[in-house]
1. Report the per residue volume, in Å³, of the convex hull enclosing the C-alpha atoms of the range B:36-98.
2. Bin width 10 Å, alpha-carbon pairs only: give the P(r) of chain B as whole percents, running from 0 to the bin holding the largest distance.
3. What's the average, rounded to a whole number, of partner chain beta-carbon atoms within 10 Å of each residue's beta-carbon in A:15-23?
4. Kindly list the residues of the range B:331-357 that lie in the label zone of B:Asn106, defined by a backbone N under 20 Å from the point 7 Å along the Cα-to-C-beta vector.
5. Calculate, for A:Ile30 and B:Arg388, the FRET efficiency according to 1/(1 + (r/R0)^6) with r their C-beta to C-beta distance and R0 41 Å; round to the nearest 0.05.
6. Order the following by accessible area, largest value first: B:Lys176, B:Lys169, B:Lys398. Probe radius 1.4 Å; ligands, DNA and RNA are ignored.
7. Starting from the coordinates of the alpha-carbon atoms of the range B:79-227, obtain the Kirkwood hydrodynamic radius over all distinct pairs and give the value in Å to one decimal.
8. Please give the contour-minus-distance gain from B:Thr218 to B:His132: 0.36 nm per residue of separation, less the Cα-Cα distance, rounded to one decimal in nm.
Amino acid sequence: MKRFNFNRATFKSDAVGYASEIGWMVLYTIALFLLSWIISVIPW
Amino acid sequence: MVKEIKHPTLGIISYYTGYIIVGMSLFMILPASASALFREWNVVLDFLISLFISLSLGMVLVLFGRNTRLHNGRLMWKHGFVVASLSWFVLMFLCAIPYLLSGHMNSLLDATFDVMSGFTTTGVFLLQDLDHISIGLNLWRHMLTFIGGQGMVVLALSFLVREMAGAYKFYVGEGKDVALVPNVRGTTQIIWIISMVYLFIGTSTLFITGLLIGLNPTNAFLHGLFMFMAGWSTGGFAPNQQNIMFYHSFSFEVVSILFFILGSMNFGLHYAIIKGKKMEFLKNIEIQSFLITSLTGSAIAAVALAKSGLYSDSVALFRRVVFNIVSANTTTGFGTVFARQFILEWGPLGMLAITLVMLVGGSACSTAGGFKGLRVGIVVKAFFADMRKLLTSERRVKIEKYHHIKDMVLDDAVVRTSSTIIFLYLLMFTGATMLGAYFGYPVVDSMFEAASISGNVGLSIGITATTMPSAMKIYYIFAMYLGRLEFLSVFALIGVMAQGVKTWLKRA
């Protein structure tokens, strides 16, 4: 059975992977805030 | 010499169910240790009693099934499904023992309700005086929701049971179906590794946020840990009665939103992005479905509430409306308004938007509930494919595809399975709504609560309370259970039980 290997290169690329996931989430949260802002400035 | 027992099915089911029970029982050591650390000696005793009872039952089941497994251990799909659903059901009672001994529950039914709500990552609770419960019990509540989100069977397959032929059947039985690597043990371990890495990142971030908003270091750590566990597992429990409103903090809400959206994502997608497919986030059908439903739901509710003049500035709209819609869509259930505000202030359009996103839910093979974005995406895509077929030349044959980690063929079997599960969810939702209406709750309130329970969300409009009729509590327990295990496993359990009864009646 293939075992996980915790070498430095894998760790580094995984860290970039986790960071990019969090990055997407930050972008989406900003998009949600922008949506709230747009709706708040339109005089309904 | 080992004697072979007569009923192999019973033996196999007993063996693996026992194994999962033993594994889960051992986790009681953690809250017991936490309580010892904070000198809550009565609580330590509660957990030791519970550990003793559940460990004993687990061992008896393992010993009962051991011979069959050794001699007749061929695993069938029904075994996998029944073990998953049976272990969840038995554990519901065993994990409720510390709740009962704490004195914070009014009855055994209430305690099992809270455990099932934790396991299924729903987040509604009947526990009394939440603000004054012990640290041990609070840790236990959040651990249940964290482990339940990943899955008890996933846990057992990762750490307890050896790699074996047919283990995949257990894994699918618990409502997860994505093989991240060719072997099941590897897949389940990856699920746990991703969760543990995020547990570290999330708890640290919330701990720092807690310190910045003025919590003392111990509280900041505990609240960070609890809120992460509840957010990541899309559970929605919180260590305080007021849920996330307790913190009165924009930053705490923003950090939470990041982690509960992450928690609602498919583990297959996590794995793909972590392993370098960064743009998968935009191409994936589940994410597209989630983006469409959450943005549309947020826009509808925000327009309705901005128009009513209740929340006029962008920060209020984001914190009170968008937060709740996304919390509902990811089936988390953290709430930034009080239960009655939904009814008294949100109005019909806001309520409808939140009810619909609750039903749709998060991603398949994640910790979230609901129909799941994948299924909605597949059915919508199939609808458009059918329309295209109608409008183009009849001789043209086009293979329709959808993108989920890789391009997949949109065949009839996939569409049928998705539609069946959506139909079953809707049936369960209708049943819960009707039951609420039967007991005299307004239909709109009943619909909201039914969507929340069926989709494993946990936002409440005030119906879920210890005073509600027992029939509703029992229906809600089954709705949470069926919703999380996605029907098939529970039906398999009922089928096997019916078969057993039939055989027994024939013999008698």
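1. It is 96 Å³ per residue.
2. Spelled out per bin, shortest first, that is 4, 19, 30, 27, 14, 4, 1, 0.
3. Mean partner shielding for this stretch: 6.
4. It comes to B:339-340, nothing else.
5. Calculated transfer efficiency: 0.70.
6. My answer, sorted largest first, is B:Lys398, B:Lys169, B:Lys176.
7. With all distinct Cα pairs of the range B:79-227 included, I get 16.8 Å.
8. 29.3 nm
The values are calculated or read from the model by the stated rules, or taken from the named source; none is laboratory data. Note that the coordinates shown come from a computational prediction; the quantities given were computed from them, not determined experimentally. With ideal geometry, Cβ positions are generated from the backbone for all residues, glycine too; neighbour counts draw on all protein chains shown. Surface accessibility is based on the protein's heavy atoms, side chains included, excluding ligands, DNA and RNA. Shrake-Rupley method; radii C 1.70, N 1.55, O 1.52, S 1.80 Å.
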